[in-house]
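Down below is the structure, laid out as structure tokens.
The values are calculated or read from the model by the stated rules, or taken from the named source; none is laboratory data. Remember, predicted model here, so these are calculated numbers, not experimental data. Using ideal geometry, Cβ is built from the backbone for each residue, glycine included, and neighbour counts are taken over all protein chains shown.
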Amino acid sequence: MAHHPQEPAKAQVAPVQEDSRGILHPAAAHTVFHLDRFPSTGAAARFVDRYWLSTWNLPPGVRHEQQVLVHPVVNVVFEAHGAVVSGVDTGRFATVLEGSRRALGIMFRPAAFAPFLDAPLTELTDKELPLSAVPALADLEPLLVPLVADLNVPAEELAATADAAMTKHAPPTRQSCETTTEWAELAVRDRTLTRVEDLARAAGVSTRTLQRAFTDHIGIGPKWFLRRYRLYEAAEQVAHSDHINWSALATALGYADQAHLTRDFTAAFGQPPAQYAAHSAARQQAGPS
């Protein structure tokens, strides 16, 4: 008999004012574009974390380059000209905003894109494919692109249409990647799990099993995954705090010392923590460029 997994209870998605993880210099960015988030429902919630809609309306001649440290998950993004699938991006993603446009994204849960791609997720790491190259979801493009292009279609209608489509596409039986999703989301939730060995112990598996699952279903290893979310935490402290005890934060995030945190933060965000904080404040005052 086929096993039909129970659909997860889905909490409301945190608004961007409360959770700006991955958006570089969020205070300044939010003066340039508006970001709406919508939860997934029903069977779609087993695989989709959220739907997001980014909307911008810039005067002629004004352009804004927005950098993002993307969550280590797959996003399917729809714009007026078409749709793409973006795998885990191990660097910083930059996009230039100009004119009056919008983009709709389906942000998958960690590991949860695996059932829709007939290949290990390493095939998508640091890559972007046209959605037409993923047959399992290719029919979403003609459905959603015209709605995104029509700026009169409400955001709620866009998200509801995407959610209904993903509900139809959700596999009815439990997938092996769903266990990896649970392990990955445990790592995101429990900030005391700062080492691969800690996560493996909490998951009740060997480090080798954990590493293989992350590589196959997410596209990167658990050590990199853990570090990315700890760096998000550091950046959120910058975004929402006036004063930060970097030494104490480094210890809380599992770093040997402040120097190691500074090194990783600088590599990820392109600036040392103190300079990033000062730059964020300056950009907030300056607005779009």
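Do you know which of the residues in the stretch 68-105 that are among the acidic types (Asp, Glu) and assigned to a strand (DSSP E or B) is nearest to residue 129 (Cα to Cα)?
Taking the stretch 68-105 and keeping what is among the acidic types (Asp, Glu), we get 79, 89, 98.
Keeping just the survivors that are assigned to a strand (DSSP E or B) gives 79, 98.
Numbers: 79: 14, 98: 23 Å.
Among those that are among the acidic types (Asp, Glu) and assigned to a strand (DSSP E or B), it is 79.
Scanning the stretch 70-95 for residues that are under 21 Å from residue 267 (Cβ atoms) and either among the β-branched types (Val, Ile, Thr) or in contact with a helix residue (DSSP H, G or I) (Cβ under 6 Å, 6 or more places away or on another chain) (or both) yields 70, 72, 73, 88, 90, 95. Each residue in the stretch 102-132 was checked for being among the charged types (D, E, K, R) and either touching a helix residue (DSSP H, G or I) at 6+ places or on another chain (Cβ under 9 Å) or assigned by TED's automatic domain parsing to the domain that holds residue 213 (or both), and 3 pass.
For residue 214, the criteria (1) among the hydrophobic types (A, V, I, L, M, F, W, C); (2) modelled with pLDDT under 95; (3) within 30 Å of residue 136 (Cα to Cα) hold in every case but one, which is (2).
Closer than 19 Å to residue 104 by Cα and assigned to a helix (DSSP H, G or I): is that true of residue 151 in this structure?
Criteria not met by residue 151.
Selection of the stretch 118-136 for residues being closer than 10 Å to residue 85 by Cα, surrounded by 13 or more Cβ atoms within 10 Å (Cβ to Cβ) and within 20 Å of the chain's Cα centre (by Cα) yields 124, 127, 128, 129, 131, 134. Considering the stretch 222-257, and only residues there that are in a loop (DSSP other than H, G, I, E, B) and of a type in the set (D, E, K, R), the residue that is surrounded by the fewest Cβ atoms within 10 Å (Cβ to Cβ) turns out to be 242.
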